[in-house]
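The structure appears below as structure tokens.
The values are calculated or read from the model by the stated rules, or taken from the named source; none is laboratory data. All values derive from a computational prediction rather than experimental measurement. Here the Cβ positions follow ideal geometry from the backbone for every residue, glycine too, while neighbour counts run over all protein chains shown.
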Amino acid sequence: MESTLMVMGDKAALPYYTPIKILQRNKGDIMIKVFGHQAPDTDATGSALIWAWYLNEVAKKPATAYVLGTPNTEALFVLERWGFKLPEILTGIEAGEKVVIVDTNNPAELFENISDADIRQVIDHHAIAGGLTTKTPINFTIRPVASTATVMMAIIPSEAMEAMPDPVKGLVLSCILSDTLEFRSPTTTPRDVAIAHRMAKDLGLDIPTYAAEMFAAKSDISHFSDAELLRLDSKIFEVGEAKMRISVLETTSPSVVLDRKASLMETMGSVTVEDGVDEVLLFVVDILNEASTLLVPNEAVKALAEKSFNAEVSGDMVLLPGVVSRKKQIIPNLKV
């Protein structure tokens, strides 16, 4: 039997139910699986939980949140901070299963057979990738904001927002602070800022203090192997005729990552082979100083860095001032 998300400890404010109770309440309904992209970050993890709450408690449709892999350390911190258990890791999907996809619309970040599922809804804030097919017309919502949680707050009726429990508000706030790097990212919009401040006010939180706690958790990479770090927050993209895994590590302590530079660059070779890509690009984002360092393991990446960012590369890494957003500053500029 599938297990629904449960809320732990003193923060048990969310009225989640076991699947049996849900099915009794919605006789004949089939559980909807809600999930985001592979290599789940805070927004993918939190948005799945937010929308599962909405479907269960507002739309009265049985739903369960999942993740497509172990979330990063920041997302795990957020789950614990707001009293959520880690959602079950979903390893596959069967044809005809009802699903809602959040924080991506890119089939490459989902299961190979994702279009065989009964996709009921897509909620996202990324560019349209193309490739998804659906059985029937669906609600496909993409907004040019920094976080999927922000998109959801535009969909959820105002009366439901008023009744939103504090743990869910905590998820909304966390998703926005994570994806905006506490409003430092160029993807940040006034809508993201307004919702974040509204959630923080309702929760009695100071945004800089809470964001610092989140970023400290994200910066703890001590228990990850080099291969895990390269895949932790990464997406595969076609750049010209090249297929690349583009990895981003956002941290308040970039030196901790860069101290592992030699072993990370050595591991890039095996990861490219295992993942069937041409190159692995690792951008170490310094959250506080708003800059990225790109590791340069070979001549191909050196040429890419110089062409894409108008940078002079003289060693095995290059500093890119002001570059903090994969979606808005890295992907659109890549040239081979």
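The set of residues from the range 190-230 being in a loop (DSSP other than H, G, I, E, B) and either touching a Leu at 6+ places or on another chain (Cβ under 8 Å) or on the phi > 0 side of the Ramachandran plot (or both) comprises Gly204, Leu205, Ile221, Phe224. Within the set Thr91, Thr104, the sole residue that is within 20 Å of Gln38 (Cβ to Cβ) and in contact (Cβ under 8 Å) with a residue 60 or more places away in the chain turns out to be Thr104.
Within the range 302-336, can you find the residues that are β-branched (Val, Ile, Thr), closer than 17 Å to Phe237 by Cβ and in contact with a helix residue (DSSP H, G or I) (Cβ under 7 Å, 6 or more places away or on another chain)? Before you say what the answer is, go through the steps one by one.
Going through the range 302-336, the residues β-branched (Val, Ile, Thr) turn out to be 313, 318, 323-324, 330-331, 336.
Then keep just the ones that are closer than 17 Å to Phe237 by Cβ; that gives 323, 330-331, 336.
Scanning the range 302-336 gives Val323, Val336.
Being more than 18 Å from the chain's Cα centre (by Cα) and either part of a helix (DSSP H, G or I) or closer than 25 Å to Ser158 by Cα (or both) is not true of Leu76.
Conditions (1) in a helix (DSSP H, G or I); (2) outside the structural domain of Ala154 (by TED's automatic domain parsing); (3) in contact with a Leu (Cβ under 8 Å, 6 or more places away or on another chain); (4) at pLDDT 95 or above, marked per residue:
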site: Lys21; (1), (2), (3), (4): yes, no, no, no
site: Gln24; (1), (2), (3), (4): yes, no, no, no
site: Leu55; (1), (2), (3), (4): yes, no, no, yes
site: Tyr66; (1), (2), (3), (4): no, no, yes, yes
site: Gly92; (1), (2), (3), (4): no, no, no, yes
